[in-house]
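Comments concern the structure below.
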Amino acid sequence: MSAAESVRGPSRPWRSKPLAVGLHRLIQYVALLIVLALLWEAVIWAFRIPSYLLPTPSAVLTALADHAGAVRRAALYTIGCTIAGMALSVAVALSFAIAFIASALLGRALMPLMIAVRAVPMIAITPLIVIIFGRGPGNSIGVVALLTFFQIMLAARKGFTAPSPNMLEMMHTYGASFWQIHMKVRMPFAVPYIFTGLRIASGSAILCAMFAEWLSGVGGLGHLILDSYAEQQFALMWAAVLTSMIASYLFLTFTIVAERFVMERSR
């Protein structure tokens, strides 16, 4: 064993496999949820917190089982809008990143506008999107795309500029076109950067969709949380919150697994 290996410890090749990474993260998350549930129960018992402030984990699980159909429909609606919004976000982000590489002047002209739009509070943008897209899935999709594309675009732009000038000059010497250089040189360099942007964006994508549902009043986990709170079904409200937490973690885990799979195939 080399000195470097002795410092790092024994290698664990199974952790590099995409499905193994996903399974490992899921096991860790389930263990964390069990620990949090035990602490939750202990806090309620120790401080005698009333159920309308904080229901017990068993009450939350009972509400989840009793309203499984409503929770499932709301979760599928939110997750579907999130996936569609992220797909639109990636398409728009990559298009802008490519355009900025093709024209530095365009980048200098549009980047301040993008930064200004991204700096506007989310609560101020969402009503405008509701007016544009209406009170339907397009509302949630638009919010997710608008609030996640900036991170992906910045990461992709950074990745597209990662190749060294010598590599780009060599491609120009061989007469490669812009798209040949982009697909054979820039894109392979940009893939890790793009997935970094996706990981950052995916952590808040579910929350963005739920926020749009809160303001527009359409079906989804955000709407279910508001409805159950208004009807004082606090156990159901916490069940929806728990479902949104699990959905966000699964969404992030899927992004990580997809990144490992793509990087493994590109070796």
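In this structure, does L38 turn out to be modelled with pLDDT of 90 or more and over 23 Å from T148 (Cβ atoms)? In short, yes. M86 passes every criterion in (1) within 30 Å of P165 (Cβ to Cβ); (2) crowded, with 20+ Cβ neighbours inside 10 Å; (3) of a type in the set (A, V, I, L, M, F, W, C) apart from (1). Mind checking whether some residue in the stretch 73-82 is in contact with a His (Cβ under 8 Å, 6 or more places away or on another chain) and either closer than 30 Å to L224 by Cβ or of a type in the set (K, R) (or both)? The answer is yes, given that some residue of the stretch 73-82 is in contact with a His (Cβ under 8 Å, 6 or more places away or on another chain) and either closer than 30 Å to L224 by Cβ or of a type in the set (K, R) (or both). Given the structure, is R108 part of a helix (DSSP H, G or I), of a type in the set (D, E, K, R) and within 22 Å of the chain's Cα centre (by Cα)? No, not satisfied. Being under 25 Å from M245 (Cα atoms), loosely packed, with under 13 Cβ neighbours inside 10 Å and of a type outside the set (S, T, Y), is that true of even one residue in the stretch 48-64? Scanning the stretch 48-64 turns up at least one residue that is under 25 Å from M245 (Cα atoms), loosely packed, with under 13 Cβ neighbours inside 10 Å and of a type outside the set (S, T, Y).
Going by what's in this entry, would L88 be described as among the aliphatic types (A, V, I, L, M) and under 30 Å from F178 (Cα atoms)? For L88, the condition - among the aliphatic types (A, V, I, L, M) and under 30 Å from F178 (Cα atoms) - is met.
Right, A59: without any contact (Cβ under 8 Å) to a residue 40 or more places away in the chain and among the small types (G, A, S) or not? No, not satisfied. Screening A87 against (1) modelled with pLDDT under 95; (2) not in a loop (DSSP other than H, G, I, E, B) leaves a single unmet condition, (1).
The residue that is farthest from G203 (Cα to Cα), counting only those in the stretch 229-249 that are surrounded by fewer than 17 Cβ atoms within 10 Å (Cβ to Cβ) and not polar (S, T, N, Q), is E231. Quick check: is even one residue across the stretch 210-222 closer than 22 Å to F254 by Cβ, hydrophobic (A, V, I, L, M, F, W, C), within 25 Å of the chain's Cα centre (by Cα) and modelled with pLDDT under 90? Checked the stretch 210-222: at least one residue is closer than 22 Å to F254 by Cβ, hydrophobic (A, V, I, L, M, F, W, C), within 25 Å of the chain's Cα centre (by Cα) and modelled with pLDDT under 90.
R135 fulfils the conditions (1) assigned to a helix (DSSP H, G or I); (2) touching a residue at least 60 places away in the same chain (Cβ under 8 Å) except for a single criterion, (1).
Among the residues in the stretch 155-164, are any at pLDDT below 90, out of contact with any His (no Cβ under 8 Å at 6 or more places or on another chain) and of a type in the set (V, I, T)? No, the conditions are met nowhere in the stretch 155-164.
The values are calculated or read from the model by the stated rules, or taken from the named source; none is laboratory data. In this text the structure is predicted, and so the values were computed from the model without any measurement. Heads up, the Cβs are rebuilt from the backbone with ideal geometry, glycines too, and the neighbour counts pull from every protein chain shown.
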